[in-house]
Each structure stands twice: as C-alpha cells, then as structure tokens.
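Please read the structure below before turning to the comments.
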Amino acid sequence: MNPDLHKIISSILPHTQPRKQAGQAYAPANIALCKYWGKRQESLKLPLTGSLSISLAQLGTHMRIELSETDQLIINDEAQDIRGKAATRLFEFLSLFRAPDTHFKIKSLNTIPMAAGLASSASAFASAVNALNDLYQWELSAQQRSILARIGSGSASRSIYQGFVEWHRGEQADGMDSFAERLDTEWPDFRIGILTLSDAKKTVGSSEGMQRTIESSTLFESWPAQVDKDLPVIRQAIRDQDFDTLGKTAEQNALSMHATMISAWPPVLYWRPESVATLHQVHQLRQQGLSVYATMDAGPNVKLLFKEKTRNELLQAFPGLQVVEPFSA
Ligand code: PMV
C-alpha cells in the first residue's frame, strides 16, 4: 500500500473488524458548477484547485456491502466481471479498508440513468465509504468520509452531502485539509436538467484526461486562474440567490475547462455534434429571454441550470429533459 495512503487511513479509522454482516448507504451524484480538472498529487487525489457542486438529490447510488466468501459486484441486478475495469477500481479502493482475508459482495443500484454517463464514480465511491462506515460502525464525521471518498475519486468528496457543496483544495501534503463541506444555502426553486444526448462510451477517463491536459495543453496554464476568479463569484451568487450570475459563471467555467481539454494532444474532446447543437439551442433560448445555462463534464451530455418558473418552456424545447429538484425533501 502507498505509505501516504496508509498513514492517512490509519489516522482516520479506528482499528476495527466488521461489526455487522452487511452495511448499506446512499450517496447522490453531483454536478460541478465550478469544475475540478487536474490533480497536484495523484494517489491521494489532491486537486490543483477548489471546486463547487450541486448534488442531485435522489439521483445517485445505493450500495450494500455484505461479508462474503468471494468478491462479487452486482450493479443494477447484473453481475459484473470482477476483473473488469470498474470492479478492479472499486475493490482496490475497498481493499484499503479491509483485512486481507475479508471478501465483499457488493450490490449497487444506480438511480441515475447509466446511459447518461452520469452514473459517475462520485456517487459510487461516496456510497461505498458510507456503506463501509455502516458495516464497521466507524461513526466517522462527514468531513472524514469526504476525505476517504476523495481517495476513491476526487469528485466523490462532494457526494457525501446534498445541496451546494464546496471541495477545498487544501494545502497539506497529507490531504487532511482537502475535503468538501456543504454550503448552508437552500435554493428551493433551483433546478438541474439532464439531457441524455449520446450513450457513446466514454473514450478517455477523467484521470487520464486530466493528466493529458496538464502535460500537453498550453491553455491549461490559465485554468487555476480561471477557477480563482470563478469560485468566489459562484459562492457569492449562491448566497445572494443571483441566478444569472451563477449560471453565466458556471457555463463559462465549464467551457473554459473544455477549452483546455480540447487543446490537449491527443485532444480530449468529449463533445458530440448533439452536444454542440444543444449549446447553440441554449444560447438561442437565452437570446429569446429565457434564463437557462449549460454545463458539461467528461462526456457528451449537457446539463441545464434553470429555475422552476422556466421548466415548462424548457420541457417544450427539450422533450427528453429530466428535471432534478436538488432541494426536494
Ligand atoms: O472525480 P473525477 O475523476 O470523476 O473527475 C470529475 C471531473 C469533472 O466531472 C469533469 C468535473 C467535476 O468537478 O466533477
């Protein structure tokens, strides 16, 4: 085991055996409004910048971890190849926390459409940490769980919470100050719209994409400054419930991130023709006076940011739109 990881995990966890036969938990997926793209340290998943997201309420991952004779992974009732990419990554992570002779049967249920490419690692790793916390009865704080989830996947640090969440970059080499926290603002009429435009398989994973961008894109030099500019504006716009400032800054932040990716070599180009057509449609709707903004992550799909009063017009413009109410109970 990486010595840094070992040190961190043993400083957080009580040394315990499983206290129950099974642990279970839920964690929401999240969409970043100010994006995370680039690590300053790989194994601990320490980010180059802070980031800020909104969690997707009931769209996420339910996970049950049961003690078993062998390792097994079942996603949405389908047994997965245990040597496959997703299973290997999850079990490597889980192995950080279990005795060598312990095996788990994992049942994971994604309530977010898998085809949307949104059933990202964030809700999976956050729900895994929450389920381990239940299995071992660790009784960890949200902050401690956020650090552990971050080690699985950076953006998972934010999926420990609902609502608006900020992941602090942190300064320490051990990453103990790089965790996420919930902002104490509720925004009841804030909406996220998910547009599933393509189910083409992701060609480049986020870790590889980040690395390639850092190594080969000269535009990437400007990315930390973009985040330094956008993050406080977004944080304040949430506090003020200033929707247009939030939307505008979030859209520009997302497009700036994609500009760094596209200028990498080989290009990290997640956009499909449908993605570009949707961005144009959003711009056209704005010209017609609708308050709607777009954001995109490491895939071809577009997510819309809007308020409840705009819902019907947007459903007309985008019949397949799945509307999420992040502050519904
Ligand atoms: O945590 P990862 O490795 O899945 O990276 C997430 C990267 C983006 O989704 C593009 C941005 C973000 O902040 O979620």
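The values are calculated or read from the model by the stated rules, or taken from the named source; none is laboratory data. Note that the structure is predicted; figures quoted are calculated from it, not measured. Virtual Cβ from ideal backbone geometry, glycine too; neighbours counted across all protein chains shown. When the accessible area is computed, the model is the full protein with side chains, heavy atoms only, and any ligands, DNA or RNA have been set aside. Shrake-Rupley method; radii C 1.70, N 1.55, O 1.52, S 1.80 Å.
Observations on the model:
- In this simple spin-label approximation, I74 and H280 carry label points 7 Å from Cα along the Cα→Cβ vector, and these lie 4.7 nm apart.
- Where a label projected 7 Å from the Cα of H103 along Cα→Cβ would reach, residues of the range 57-71 with amide N under 11 Å: 68-71
- Acute angle (nearest 10 degrees) that the helix 243-262 long axis makes with the longest principal axis of the chain, alpha-carbon atoms: 70
- Relative to the current alpha-carbon distance between S95 and D177, full extension at 0.36 nm per residue lengthens the span by 27.2 nm.
- The residues neighbouring L135, those whose beta-carbon lies less than 15 Å from its own, together hold a net charge of +3 under the Lys/Arg +1, Asp/Glu -1 convention.
- Packing-based ranking, highest mean first, of 20-31, 147-158, 90-101 given that Cβ atoms within 10 Å are counted: 147-158, 20-31, 90-101
- Amide H contacts of F179 (H built 1.01 Å from N, under 5 Å, at least 5 apart or other chain): H168
- Length added when fully stretched, S216-L269, from 0.36 nm per residue minus Cα-Cα: 17.7 nm
- Neighbours of Q241 by Cβ distance under 12 Å: Lys/Arg scored +1, Asp/Glu scored -1, total -3.
- Each of D177, D230, D244 has its accessible area taken with a 1.4 Å probe; listed largest first, they run D244, D177, D230.
- Farthest positive-ward along the chain dipole, Cα basis, beta-carbon charges - from L48, L73, L90: L73
- On Cα atoms only, tilt of 273-287 relative to the major axis of the chain in degrees: 50
- Evaluating 6.51 cos²θ - 1.76 cosθ + 1.60 at θ = phi - 60° for every residue in the range 53-70, the Karplus couplings come out as 9, 10, 8, 9, 6, 7, 8, x, 10, 9, 10, 10, 10, 10, 5, 8, 7, 9 Hz, glycine and proline recorded as x.
- Compared with the dominant principal axis of the Cα atoms in the chain, helix 223-240 is inclined by about 80°.
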